[in-house]
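Written out below as structure tokens is the structure these notes cover.
The values are calculated or read from the model by the stated rules, or taken from the named source; none is laboratory data. Remember, predicted model here, so these are calculated numbers, not experimental data. Note: ideal-geometry Cβ built from the backbone for every residue, glycine included; neighbour counts use all protein chains shown. Surface accessibility is based on the protein's heavy atoms, side chains included, excluding ligands, DNA and RNA. Shrake-Rupley method; radii C 1.70, N 1.55, O 1.52, S 1.80 Å.
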Amino acid sequence: MIGVGTQDDLNMANDFVADYGTVSFPMLWDPSFDSWRELGVFGQPAGMLATPDGTLIGQWRGGIPEDEVLAAAADL
């Protein structure tokens, strides 16, 4: 899992990581929004599941249903 922050500013992103303990996965910072545009992300929350070669096998907008993510990952 990788988190990609683009909104607000880097200090706020760092505060989010500290407040919510998202240290179990890397958080990347993209102030340009290029990553979101490339991935078709227009707001938070959003999630995507991809194979190691980058093939997209699932995506979610709004709330991310844990059961669907786990089922999609189990099918890999």
For this session: Only residues in the stretch 58-76 that are within 19 Å of Gly3 (Cβ to Cβ) count as the first member; pair them with residues that are part of a helix (DSSP H, G or I) and open to solvent by less than 80 Å² (accessible area, probe 1.4 Å), Cβ under 8 angstrom, at least 6 apart or cross-chain, and list the lot.
Result: Gly58/Val69; Gly58/Ala72; Trp60/Val69
Seminar exercise, completed: Note on the stretch 34-57: residues over 27 Å from Asp8 (Cβ atoms) and in contact with a Leu (Cβ under 7 Å, 6 or more places away or on another chain) are Thr51, Ile57
For this session: Please give the number of the condition Gln44 fails out of (1) at pLDDT below 90; (2) touching a Pro at 6+ places or on another chain (Cβ under 9 Å).
Result: (2)
Seminar exercise, completed: Listed by first then second residue, the pairs whose first member lies in the stretch 2-24 and is closer than 16 Å to Ala46 by Cβ and open to solvent by 90 Å² or more (accessible area, probe 1.4 Å), whose partner is aliphatic (A, V, I, L, M) and not in a loop (DSSP other than H, G, I, E, B), with beta carbons under 7 Å and at least 6 positions apart or on separate chains, are Ile2/Leu28
Exercise. Pairs, please: C-beta under 6 Å, at least 6 apart or cross-chain, first residue in contact (Cβ under 8 Å) with a residue 24 or more places away in the chain and in the stretch 31-50, second of a type outside the set (Asp, Glu) and open to solvent by 30 Å² or more (accessible area, probe 1.4 Å)?
Worked result: Ser35/Val4; Leu49/Ile57
Exercise. Do we have any residue at all in the stretch 31-40 that's open to solvent by 70 Å² or more (accessible area, probe 1.4 Å), over 14 Å from Val4 (Cα atoms), modelled with pLDDT of 90 or more and of a type outside the set (A, V, I, L, M)?
Worked result: no
Exercise. Just to be sure, is Asp53 out of contact with any Gly (no Cβ under 9 Å at 6 or more places or on another chain) and either assigned to a loop (DSSP other than H, G, I, E, B) or aromatic (Phe, Trp, Tyr) (or both)?
Worked result: yes
Problem set entry | Among residues of the stretch 54-76, those that are open to solvent by less than 40 Å² (accessible area, probe 1.4 Å) and small (Gly, Ala, Ser), counted | 3
